[in-house]
Each structure stands twice: as structure tokens, then as C-alpha cells.
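The values are calculated or read from the model by the stated rules, or taken from the named source; none is laboratory data. In this text the structure is predicted, and so the values were computed from the model without any measurement. As a convention, Cβ positions derive from the backbone with ideal geometry for all residues, glycine included, and neighbour counts pool all protein chains shown. Accessible surface areas use protein heavy atoms only, side chains included; no ligands, DNA or RNA. Shrake-Rupley method; radii C 1.70, N 1.55, O 1.52, S 1.80 Å.
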Amino acid sequence: MKDHRFESMTPLACPACDTRVRVRKASVTQTSIQWGPDAASTCAEFARRTAVEHRDITAPGCTALFSAIADAYADGSLPRID
């Protein structure tokens, strides 16, 4: 069975480091982020967390990216998918 959740994801770039992700907003409180394979090497916040906290790419995300997601949702460029 094909998983269609990722077909409705919106491409978004972090304004701080230009790391590219795909985002899906299912509700005001639910956000899915699909990180690319290079996120740990292109995002300074991910690199710092990986080094300090010994976490991999599943470490909590980037504050600059989270702000960009909130802004995109607020301005309508990131639609809510029901």
C-alpha cells in the first residue's frame, strides 16, 4: 500500500542555512518535517546538537527552520492539509 502522506508536503528552505526540507501541516499543532540527507552537514544547529548531545539527524530540529515554518503557515504559503 502506498503512503500518500508525503505527496502533500511543501518544499521549504531554512532562511539561516538554506537547508531544504519538505513540510506537511495537518493541524495548528501537528507538523511533519522530512529532512534531507544533508541536513546534518548543512545546518549549524543540527551539527552543534549532534556534536554536543551525540544525537543523529532525528535530534530536535532547528529553531530558525521552525520559525520559517510558522511564518509560512501564517502567510498561507504552507497550507494545512486535512
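Observations on the structure shown:
- Test: residue in segment 4-17 that is touching a residue at least 24 places away in the same chain (Cβ under 8 Å), among the β-branched types (Val, Ile, Thr) and touching a helix residue (DSSP H, G or I) at 6+ places or on another chain (Cβ under 6 Å): no
- Taking segment 50-70 as the range and being modelled with pLDDT under 90 and either in contact with a helix residue (DSSP H, G or I) (Cβ under 9 Å, 6 or more places away or on another chain) or on the phi > 0 side of the Ramachandran plot (or both) as the test, the residues that pass are Thr50, His54, Arg55, Asp56, Ile57, Ala59, Pro60, Gly61, Cys62, Thr63.
- Breaking point among (1) at pLDDT 90 or above; (2) part of a helix (DSSP H, G or I), for Cys17: (2)
- Total residues in segment 31-50, condition of a type in the set (D, E, K, R), open to solvent by 50 Å² or more (accessible area, probe 1.4 Å) and not in a loop (DSSP other than H, G, I, E, B): 2
- Qualifying residues in segment 20-30 (those that are β-branched (Val, Ile, Thr) and open to solvent by less than 50 Å² (accessible area, probe 1.4 Å)) - the one modelled with the lowest pLDDT: Val21
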